[in-house]
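FYI, it's all coordinate maths here, none of it is from the lab. Keep in mind that this is a model prediction, so the values were computed, not measured. Every residue, glycine as well, gets a Cβ built from its backbone with ideal geometry; the counts of neighbours run over all protein chains shown.
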Amino acid sequence: MKRVEATTELDPRQPVLYIEHCPVTTAYRKQAQSLHASLAEALRTMQPELKLQLRINENNASRMGAFEVQIAARPTDEPQHRYPLWTGITRVPVTAKVPNVDDIIVPACLALRLRHSQAGASHINLVRTSDRDINKILQRDRRNSL
């Protein structure tokens with residue numbers, strides 16, 4: 001029996017995280033919700049008014065072995081208007097299918113066009129800073145806070 005969930009209306013002014021996961025692996029739903037919560041929290045630190053919405057297995061069209069993550073600046077039914085953040089369909093072992101929030105934060109910021117001016121007190125320009133440079137800045141900040 002397929003799981004049918006009531007869908008809530010999406011706010012047309014807020015971004016949406018779309019996650020498609022394999023219906024057989026029940027732990028994927030929990031991991032999808034956890035990933036959403038972590039990404040939403042990270043994005044709120046840069047733009048407090050941002051409320052990341054979530055859609056999981058929209059239209060019950062999930063594929064076997066899938067853990068696909070996409071984001072859109074506004075709700076959309078058109079897959080071509082979504083920015084792909086992660087694909088786990090070909091990853092093995094199974095534990096490698098689900099990303100960590102660190103794996104998708106920079107592409108998510110690029111997709112949502114979050115820049116230094118929107119990052120509040122943050123001095124990291126995620127659009128123009130490489131992953132390696134971001135890690136250096138974060139390590140320097142950790143040392144300075146000790």
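In percent, rounded to a whole number, the relative contact order of the stretch 10-108 is 35, using alpha-carbon pairs under 8 Å and six or more apart. With θ taken as phi - 60° and the Karplus curve 6.51 cos²θ - 1.76 cosθ + 1.60 applied, the whole-hertz 3J(HN,Hα) list for the stretch 68-76 is 10, 10, 9, 9, 9, 5, 9, x, 8 Hz, x standing for glycine and proline.
In the stretch 77-118, Rg over Rh equals 1.07, where Rg is the alpha-carbon radius of gyration and Rh the Kirkwood radius from pairwise Cα distances. Placing dummy labels 7 Å off each Cα toward the beta-carbon, the span from LYS51 to GLN14 is 0.3 nm. What is the stretch 1-105 by shape, rounded, prolate or oblate, if you read a ≥ b ≥ c off the alpha carbon gyration tensor as root eigenvalues and call it rounded for a/c under 1.5, prolate for a/b larger than b/c, and oblate otherwise? In terms of gyration-tensor shape, oblate. Extending 7 Å from the Cα toward the beta-carbon at both SER38 and ASN60 defines two label points whose distance is 3.0 nm.
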